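Sharing a structure with you now.
The values are calculated or read from the model by the stated rules, or taken from the named source; none is laboratory data. If you're wondering where the values come from, they're calculated on a predicted model, not measured in any experiment. Glycine also receives a Cβ, built like all others from the backbone with ideal geometry; neighbour counts cover every protein chain displayed.
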Amino acid sequence: MTTTSIRKKLIAYIAEADDKKVKGLYKLIENDISGVKKFELSDEHFQILEHDREEHLKGKTKSYSREDAKQIIRGEKEL
């Protein structure tokens with residue numbers, strides 16, 4: 001199928017699709033349409049994250065499970 005025929009099918013589909021589907025499709029491509037750049041870490045921030053990761057893997061820093069983190073955020077558990 002050519003790109004041209006795909007475009008025609010998409011245009012026809014969007015013209016008849018219900019609002020929920022149109023909004024869902026828009027969300028998928030919103031960043032492309034608005035020209036928003038993708039998030040990128042600077043070298044400095046990458047180095048900070050890499051250092052923190054190494055400390056974590058060596059057991060030098062405390063870590064929390066996802067469930068623990070959710071409970072802490074909700075105030076259900078102390079640090």
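Please count how many residues of segment 30-79 are in a helix (DSSP H, G or I) and modelled with pLDDT of 90 or more.
Of the residues in segment 30-79, the ones in a helix (DSSP H, G or I) are 30-34, 43-57, 66-74.
The next check asks that each one be modelled with pLDDT of 90 or more; those that pass are 43-57, 66-74.
Here the count works out to 24.
Return yes or no: is residue 29 surrounded by 10 or more Cβ atoms within 10 Å (Cβ to Cβ) and among the aliphatic types (A, V, I, L, M)?
Numbers: surrounded by 10 or more Cβ atoms within 10 Å (Cβ to Cβ): no; among the aliphatic types (A, V, I, L, M): yes.
Considered against the rule, which asks whether it is surrounded by 10 or more Cβ atoms within 10 Å (Cβ to Cβ) and among the aliphatic types (A, V, I, L, M), residue 29 comes out as no.
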